[in-house]
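Below you'll find the structure, written out as structure tokens, and then a few comments.
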Amino acid sequence: MNPELLDWLACEFMDSGWDVKHMVRLTVNSRTYKQVSTASKELQTRDPYNRELARQSRWRIEAELVRDNALSIAGLLVPKIGGPSVKPYQPDGYWENLNFPVRTYEADTGESQYRRGLYTWWQRSFLHPSLLAFDAPSREECTAERNRSNIPQQALVLLNDPTYVEAARAFAARILKEGGADAASRIGWAWRQALSRAPRTDELSTVRALLDRHIAEYHRDPQAADALSKVGLSPAPKDVDSAELAAWTNVARVILNLHETITRS
């Protein structure tokens, strides 16, 4: 750590009248915080632990923000502040062993379904499974620092949890509406929305092949396309071919599942 920097921040905190919001704003607007996480080999060799703060740290975003990020990319996130806890989609039977008294879980409808993860109903050791998958603590004891794991279940959540499937479908609808007239333009638009960069040539060709394969599959099996469009509460656009929407939904699922999408860079 940098003792001089910590001393300066401590003095700034006191001089601001212990204004926490001021300190957060000061930090996130600093040039140091806004740096990218990429670094030259020379810098990595000289400062492997980034003690000089010459680059941004590369951490997966917190459990609550993984869902927020997907909903925001999809255009579904409701940024309303305050109010009671909300209940996103949750697997049936997840609470079946929670007794005294026996509890039932009914997912919220309307805007409550798309509120920020900060407001998700928290049932201690039965916390929402999406939060659990991304290392949120149970709040049964103090957690000074969260652990960060990288396990296959996280990819399965991003691919199959109804929240993320619905987010991918909504993102696909945006891609078709706002992304341009051809597949290459749409893929580039989607990449910039999710990752703030253009796709590389190999990424573009891989996703284009995936898109073509799924379009062919869904034209052969329109019922599968219709089933995918019905995941979640938000209505699918009616002026879009269901096979094309389903194919782009799978492209969006891939983008939302990328390590880069859920990693602070």
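The values are calculated or read from the model by the stated rules, or taken from the named source; none is laboratory data. Computed from a predicted structure; not experimentally measured. Cβ sites come from the backbone with ideal geometry, for glycine too, and all protein chains shown count toward neighbours. Remember, those area values only see protein heavy atoms, side chains included, never the ligands or the DNA or RNA. Shrake-Rupley method; radii C 1.70, N 1.55, O 1.52, S 1.80 Å.
Quick notes
- Cut-off under 5 Å, modelled amide H: who pairs with residue 60 long-range: 264
- For residue 2, net neighbour charge (Lys/Arg +1, Asp/Glu -1) across residues whose Cβ lies under 13 Å away: -3
- Long-range amide H partners of residue 120 with built H, under 5 Å: 86
- Surface composition of segment 181-262: carbon and sulfur atoms hold 53% of the protein heavy-atom accessible area at a 1.4 Å probe.
- Given 14 as the ceiling on other Cβ atoms within 10 Å, longest exposed-site-free region of the chain for GluC sites (Glu not before Pro) in DSSP loops: 146-259
- Residue among 189, 18, 122 with the largest mean-square fluctuation in a Gaussian network model of the chain, springs linking Cα atoms under 10 Å: 18
- Sorted from greatest to least, the principal axis extents spanned by the alpha carbons of segment 210-265 come out as 38, 27, 16 Å.
- Dipole of segment 182-265, positive end: most advanced residue of 205, 237, 256 [Cβ charges, Cα centre]: 256
- The 3J(HN,Hα) values that the Karplus relation (6.51, -1.76, 1.60; θ = phi - 60°) gives for segment 10-16 are, in residue order, 5, 5, 4, 4, 5, 5, 7 Hz. Gly and Pro appear as x.
- Rounded Å value of the spacing that divides the Cα centres of segment 19-62 and segment 121-198: 23 Å
- Using the rule -39500 (n - 2.57) for each DSSP H run of four or more residues, divided by the residues of the chain, the 222 nm mean residue ellipticity is -15000 deg cm²/dmol.
- Dipole axis of the chain (+1 Lys, Arg; -1 Asp, Glu on Cβ), positive-most option in 40, 75, 23: 40
- Area accessible to solvent at residue 45, 1.4 Å probe radius, in Å²: 110 Å²
- Segment 1-124, accessible surface, carbon-and-sulfur percent (1.4 angstrom probe): 56 percent
- For residue 115, residues with placed amide H under 5 Å, excluding near neighbours: 78
- Restricting segment 35-98 to trypsin sites (Lys or Arg not before Pro) in coil, as DSSP defines it, with at most 15 other Cβ within 10 Å: 51, 58, 80
- Computed Kirkwood radius, in angstrom, where 1/r is averaged over Cα pairs of segment 61-177: 15.2 Å
- Per residue, the solvent-accessible area of segment 85-224 (1.4 Å probe, heavy atoms of protein chains only, all protein chains present) comes to 58 Å².
- Of the trypsin sites (Lys or Arg not before Pro) found in segment 217-248, the ones in coil according to DSSP and having at most 14 other Cβ atoms within 10 Å of their Cβ are 230, 238.
- Ranked by solvent-accessible area (1.4 Å probe, protein heavy atoms only, all chains present), the residues 77, 256 order from largest to smallest as 77, 256.
- Among the protein heavy atoms, those of residue 259 account for about 120 Å² of accessible surface (1.4 Å probe, every chain in place).
- Here, P(r) means the percent of Cα pairs in each 10 Å bin from 0 to the largest distance; for the chain it is 6, 23, 30, 24, 13, 3, 0.
- Kirkwood hydrodynamic radius over Cα pairs of segment 124-265, then Stokes diffusion coefficient at 20 °C and 1.002 mPa s, in µm²/s: 131 µm²/s
- In sequence order, calculated HN-Hα J values of segment 171-182 (Karplus, 6.51, -1.76, 1.60; Hz; x Gly/Pro): 5, 4, 4, 5, 4, 5, 7, 10, x, x, 8, 10
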